[in-house]
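Let me begin by presenting the structure, written as structure tokens, before commenting on it.
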Amino acid sequence: MSTIHTEWMQRALELAARGEGLTRPNPPVGAVVVKKGRIIGEGWHRRAGGPHAEPLALRQAGSQARGSTIYITLEPCSTHGRTPPCTERILEAGVREVVIGAIDPNPQHAGRALRILRRRGVKVVTGICKPEATALIEPFARMITTGRPWVTIKLGMTLDGKIADARRQSKWITGAAARRQVQAMRRRADAVLVGAGTISADDPSLWPRPAKGRTPWRVVVDTQGITNPNARVYTDEYAAHTIVALGEKISSQRARRYARQGCEVLRIPESRTQGVEAVCRRLAELGALHVLCEGGGELAAALLEALLVDEWVGFIAPRILGGVDSVCSVGGAGWLLPALPQWRFVECTSVGPDVMLKARPVQSEQKRK
């Protein structure tokens with residue numbers, strides 16, 4: 001039976017993944033209704049305020065839902081929000097069995113739907129594909145439990161850890177396959193974060209290509225106000241989705257030059273760590289669950305120093321830049337050996353000619369912000 005449960009839950013996870021980058025501040029969720037060994041309804045959460053995955057799947061199943069089994073990647077909601085509780089809809093449909101991947105990470109709601117369903121005679125099975133279901137909602141869980149977004153640092157670098165040459169040129173260190181993967185990462189994120197150096201050197205769009213309906217925030221941390229107000233992120237058709245984070249000492253006249261382009265001006269402290277903390281607070285207010293930082297080295301260092309990084313993704317090209325003037329993947333003053341931040345590798349994958357390495361911090365959650 002568990003093998004069959006896994007098969008249908010994997011389908012629900014596939015559906016849920018379609019919503020990544022679209023549902024903020026809600027998590028992506030998928031649902032599959034099965035009866036007599038075949039799927040009779042499917043659904044996935046497409047946007048906040050819209051129908052949840054469960055009612056969409058049950059609507060497709062119609063009257064056949066009575067006596068069926070529904071597979072849901074996340075414990076169904078049990079309280080009134082923008083939409084009615086999904087537990088009520090499941091009960092109304094006469095579903096016989098509910099199979100759940102991950103439990104709601106909100107301590108106030110965790111397990112509540114399970115108790116409601118069981119009291120009404122519905123069989124509930126939990127923990128099917130739990131690692132995959134939990135990974136899918138990590139950004140949501142981070143926000144619910146800490147009040148801040150999940151932060152991923154992504155850097156394309158050489159074998160010797162350089163992200164740009166002595167002229168600050170970085171196009172292209174990694175290959176086409178890695179760049180396509182980065183576009184997919186942008187589509188899963190709610191905000192793309194870069195430093196002033198990246199804008200000045202590359203004038204990037206930061207918009208996912210193709211966007212497939214995604215509208216991420218683009219955030220430039222520019223405490224010194226050095227980026228060109230005519231850069232693409234401030235002037236293109238998505239300027240209203242750009243935030244420029246300026247230091248508190250930058251003149252109002254300079255700040256107005258950015259604001260006139262239609263982007264949001266955020267004032268942040270000059271302190272490196274306090275500045276990135278202020279940026280994350282603002283993104284949390286905007287409902288952003290997942291922030292993708294694409295560098296550069298100084299911004300990466302600030303986020304690491306502030307203990308705000310949840311995941312490191314490095315695309316490593318089989319190339320060497322060398323030289324003292326080329327740009328390191330992490331700037332700042334660095335750490336001495338006894339105080340090195342500890343990380344663990346969680347994935348290593350070939351991406352064309354390059355290698356993608358993923359790592360997670362080891363420090364206890366109690367020490368994280």
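Data overview
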quantity: Simple label model, 7 Å out from Cα along Cβ direction - S205 to Q363, nm; calculated: 3.7
quantity: Where the Cα pairs of the range 197-287 fall when distances are cut into 10 Å bins, in %; calculated: 17, 50, 30, 3
quantity: Two-site FRET efficiency, T145 against K212, from Cβ-Cβ distance with R₀ of 41 Å, rounded to 0.05; calculated: 0.90
quantity: Cα→Cβ-extended label distance, 7 Å offset, between Q60 and Q10, nm; calculated: 1.8
quantity: Structure-based [θ]222 nm, the chain - -39500 (n - 2.57) summed over DSSP H runs of at least 4, per residue, nearest 500; calculated: -8500 deg cm²/dmol
quantity: Relative compactness, the range 1-116, computed as alpha-carbon Rg over 2.2 N^0.38 Å; calculated: 0.96
quantity: Ratio Rg/Rh, restricted to the chain and using Cα atoms, in which Rh is the Kirkwood radius; calculated: 1.02
quantity: Highest-MSF residue in the chain out of I103, I250, I199 [GNM, Cα springs under 10 Å]; calculated: I250
quantity: Relative contact order %, the chain, counting alpha carbon pairs below 8 Å whose residues are six or more apart; calculated: 16
quantity: Global geometry of the range 295-351, whether rounded, prolate or oblate, following the gyration tensor of its Cα atoms and the 1.5 cut on a/c; calculated: oblate
quantity: Accessible carbon and sulfur surface of the chain relative to its total accessible area, %, 1.4 Å; calculated: 51
quantity: Fraction of the pair-distance distribution of the range 78-234 above 24 Å, Cα-Cα pairs, percent; calculated: 54
quantity: Gaussian network model of the chain, Cα within-10 Å springs - most flexible of G101, G62, G332; calculated: G62
quantity: Probe 1.4 Å, protein heavy atoms only - accessible area per residue of the range 1-94 in square angstrom; calculated: 44
quantity: Label point distance in nm, V124-R319, each placed 7 Å from Cα along Cα→Cβ; calculated: 5.4
quantity: Percent RCO, i.e. relative contact order, over the range 143-226, from Cα pairs under 8 Å lying at least 6 residues apart; calculated: 25
quantity: Length-normalised contact order for the range 177-290 - Cα pairs under 8 Å, 6+ apart - percent; calculated: 23
quantity: Of K154/K249; K162/K212; K162/K249; K35/K123, pairs whose Cα-Cα distance is over 26 Å; calculated: K154/K249; K162/K212; K162/K249
quantity: Under DSSP loop assignment and at most 13 Cβ neighbours within 10 Å, longest chymotrypsin sites (Phe, Trp or Tyr not before Pro)-free interval of the chain; calculated: 1-171
quantity: Efficiency of FRET between F345 and K171 - r from beta-carbon atoms, R0 25 angstrom, step 0.05; calculated: 0.35
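The values are calculated or read from the model by the stated rules, or taken from the named source; none is laboratory data. Quick caveat, the model's predicted, so the values are computed rather than measured. Reconstructed Cβ throughout: ideal geometry from the backbone, glycine too, with neighbour counts over all protein chains shown. Just the protein is used for accessible areas: all its heavy atoms, side chains included, with ligands, DNA and RNA removed. Shrake-Rupley method; radii C 1.70, N 1.55, O 1.52, S 1.80 Å.
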